[in-house]
Amino acid sequence: MAFNIIKTGTSHHKAMKFSSMILVLMIPVFLLTIAPLMGEQREFVLSKLEQPLYALIVAVTFTVGLLHFKSGVQVLIEDYVHGKMTKVWINLTIALSYILIALTLFALFKIMI
């Protein structure tokens, strides 16, 4: 019985390196623009997030961060979880990542309209 196994290690590695480079640029920008809003009044924070630049910073940082999380956790699961549960955990991780991305973008969209 031959199994047709597709090796995806190289693509995961490239995706992780690319998302890491984007995050190296985005995290300082996020910390300098969004972090100072912590503790501010709700109306002030919402007024900032209504601005396209602030919303874009949050959207890109969260999206790239969650895609990086998805790739990293998928590699960990492939390496350390064996048996039938491997695909279940990978699919749950992928679903969680995309759900959180969608919720982030939906929340930003609701704030901006």
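The values are calculated or read from the model by the stated rules, or taken from the named source; none is laboratory data. This structure is a prediction, so every number in the text was calculated from the model and none was measured. Don't worry about glycine lacking a Cβ; one is built from the backbone with ideal geometry, like all the others, and counts go over all protein chains shown.
What helices (runs of 4 or more DSSP H) completely inside the chain contain at least 3 residues that are within 17 Å of the chain's Cα centre (by Cα), among the hydrophobic types (A, V, I, L, M, F, W, C) and loosely packed, with under 15 Cβ neighbours inside 10 Å? Write out each step before concluding.
Values: elements: 9-33, 42-49, 52-80, 85-112.
Passing ranges, in order: 9-33, 85-112.
For beta carbons closer than 8 Å, sequence separation of 6+ or different chains, a first residue in segment 27-38 that is in contact (Cβ under 8 Å) with a residue 24 or more places away in the chain and a second that is of a type in the set (F, W, Y) and not in a loop (DSSP other than H, G, I, E, B), the qualifying pairs are T33/Y54; I34/Y54.
Can you name the condition, by its number, that Y54 falls short on among (1) modelled with pLDDT of 95 or more; (2) of a type outside the set (A, V, I, L, M, F, W, C); (3) in contact with a His (Cβ under 7 Å, 6 or more places away or on another chain)? Unmet for Y54, out of (1) modelled with pLDDT of 95 or more; (2) of a type outside the set (A, V, I, L, M, F, W, C); (3) in contact with a His (Cβ under 7 Å, 6 or more places away or on another chain): (3).
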